[in-house]
Amino acid sequence: MQYDVTVIGSGPGGYVAAIRAAQLGMKVALVERYPALGGTCLNVGCIPSKALLDSSELYYTAKKHFAAHGIKVSGLDVDWPAMLRRKDKVVADTVAGVAFLMKKNGIAVYEGHGSFADARTIAVTRSDGREERFETRNTIIATGSRPAALPFAPFDNKYLISSTEALALEKIPEQMIVIGGGAIGLELGSVYARLGNASACWNSWTPSFPTWITQWAKSCKNPCSVWE
Ligand SMILES: Cc1cc2nc3c(=O)[nH]c(=O)nc-3n(C[C@H](O)[C@H](O)[C@H](O)COP(=O)(O)OP(=O)(O)OC[C@H]3O[C@@H](n4cnc5c(N)ncnc54)[C@H](O)[C@@H]3O)c2cc1C
């Protein structure tokens with residue numbers, strides 16, 4: 001088999017490039033090592049974090065603001081497993097949308113780890129070790145990024161976790177320190193700060209920590225502190 005373009009990585013960088021190349025009339029292959037397309041953004045990034053932000057905001061609004069509107073609520077509680085199930089469904093629906101787009105645009109999807117056998121030959125190694133090879137005239141490398149561990153405190157997936165684990169915790173933690181005051185830290189910290197017991201603390205050692213974030217976090221109703 002020979003393709004005009006092979007894209008390695010099915011995140012927003014990869015799948016959009018694959019669609020565009022197909023729209024321009026090229027024969028396109030997409031290689032993704034995970035069964036679910038969509039990369040970090042759809043599976044463990046933008047989409048699940050927004051689903052949890054949405055759910056936690058609804059809970060927080062009902063808890064903190066409904067009374068002022070004359071709305072009485074009794075028995076308000078968080079069903080965390082149900083919240084996670086909804087998040088997982090949002091992810092699954094979105095991932096299915098990308099698979100549909102691949103099919104619609106005639107893009108051949110290969111599941112496995114993509115590498116170069118030589119400049120024009122792509123090797124795809126599946127999880128069972130089997131390898132498939134094909135020719136390609138051009139290749140787009142869109143392999144994205146992964147969470148970076150602190151050099152002095154590697155992830156142990158129990159006490160020190162990355163954003164990926166924070167999107168699927170078994171229960172809501174009573175305390176949490178979020179290291180890093182960027183968008184991801186603020187989003188996931190907000191989710192757990194809103195859901196009740198958790199107190200989220202944002203810690204950033206970067207001098208560029210934006211002032212508005214410091215002010216916003218200090219004004220949170222939940223116990224929440226910011227260290228710079
Ligand atoms: C919690 C969180 C929330 C976020 N929220 C937002 C947001 O609201 N808005 C926003 O714009 N961005 C957000 N981001 C960032 C966004 O997820 C990334 O910018 C985006 O996913 C980058 O896309 P990408 O295609 O470059 O890489 P990725 O999405 O990382 O995709 C790369 C893909 O390549 C695959 N891959 C890697 N190596 C190989 C290989 N050798 N063979 C086969 N496949 C391979 C990986 O499995 C992966 O699927 C968020 C990130 C996180 C973690």
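The values are calculated or read from the model by the stated rules, or taken from the named source; none is laboratory data. None of these values were measured; they are calculated from a predicted model. Don't worry about glycine lacking a Cβ; one is built from the backbone with ideal geometry, like all the others, and counts go over all protein chains shown.
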Got at least one residue in the range 97-112 being among the β-branched types (Val, Ile, Thr) and exposed (fewer than 12 other Cβ atoms within 10 Å of the Cβ)?
no
Of the numbered conditions (1) out of contact with any Cys (no Cβ under 9 Å at 6 or more places or on another chain); (2) surrounded by 14 or more Cβ atoms within 10 Å (Cβ to Cβ); (3) under 24 Å from ASP79 (Cβ atoms); (4) at pLDDT below 90, ALA166 satisfies every one except a single condition; which is it?
(4)
Within the range 148-190, residues under 24 Å from THR61 (Cα atoms) and basic (Lys, Arg) come out as LYS171
Of everything in the range 162-186, what is more than 9 Å from the ligand (Cβ to nearest atom), of a type outside the set (A, V, I, L, M, F, W, C) and in a loop (DSSP other than H, G, I, E, B)? Give them in sequence order.
GLU170, LYS171, PRO173, GLU174, GLY180, GLY181, GLY182
Of the residues that make up the range 26-47, is at least one more than 23 Å from VAL191 (Cβ to Cβ), within 15 Å of the ligand (Cβ to nearest atom) and of a type in the set (Gly, Ala, Ser)?
yes
Would the range 9-17 turn up any residue that is in contact with a Ser or Thr (Cβ under 7 Å, 6 or more places away or on another chain) and at pLDDT 95 or above?
yes
